[in-house]
Amino acid sequence: MSIQDRNPAASAPLPVDIDLLLEAGDWPPESELMGLVERSVGAVLDELQPGWTGQSELSVVFCDDARIQELNAQWRGKDKPTNVLSFPAFELEEDIQPPMLGDIVMAAETVLREAELENKPLANHISHLLVHGFLHLLGYDHESDEEAEEMEALERRVLARLAIPDPYA
């Protein structure tokens, strides 16, 4: 079974054009990653039912720990690798779909290490991080306890749509 077969495919076309870049790292094949991105983004949009019309763009970069460490140091002042970073292109306004949502960047070594440590299928962990990163692009955050509870509850509902067990259990 390939990673792509682990989660059900979204049936409706996405209102988001996805630009995927496999930059560096030991990732599954690009076609499998694209399937995970499409299903994860589709599940978020299905859960939120934003009612957007037209198309937006989303960039997803799969890189290695060295590259994400550079980005984390440059943009967040944290000189260490992390699993996922999100860079919103615009501040979202209610009921207005921007032309570009932003970028999600993921680091191979950290993502693989976390999946192994937590005994999670790699596809499930990638999907969870894609959902998490996409929610950041849509304005969700976890800076306060209240925000974290709201975002984690939403992540749980979205992942349930993908038949992925609760990552916070």
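Segment residue 153..residue 87, full-extension length gain: 21.6 nm, with 0.36 nm per residue of separation and the alpha-carbon distance subtracted.
Computed extension gain for residue 166 through residue 70, at 0.36 nm per residue and net of the alpha carbon distance, reaches 31.5 nm. Label positions at residue 14 and residue 114, each projected 7 Å from the Cα along the C-beta direction, are separated by 1.9 nm. Of the candidates 90, 62, 134, which one comes out as most mobile in a Gaussian network treatment of the chain with C-alpha springs shorter than 10 Å? Of the options given, 90 has the highest mean-square fluctuation. Solvent-accessible surface of the chain, taken per residue with a 1.4 Å probe and all protein chains present: 53 Å². Based on the alpha-carbon gyration tensor of the range 63-169 and its eigenvalue square roots a ≥ b ≥ c, which shape applies: rounded if a/c is under 1.5, prolate if not and a/b is larger than b/c, or oblate? Verdict is oblate for the range 63-169.
The values are calculated or read from the model by the stated rules, or taken from the named source; none is laboratory data. The shown structure was predicted, so the numbers you read here are calculated from the model rather than taken from an experiment. A quick note on method: Cβ atoms are made from the backbone with ideal geometry, for glycine too, and the neighbour counts reach across all protein chains shown. The protein model used for the area step is the full one, side chains on, heavy atoms only, and it has no ligands, DNA or RNA in it. Shrake-Rupley method; radii C 1.70, N 1.55, O 1.52, S 1.80 Å.
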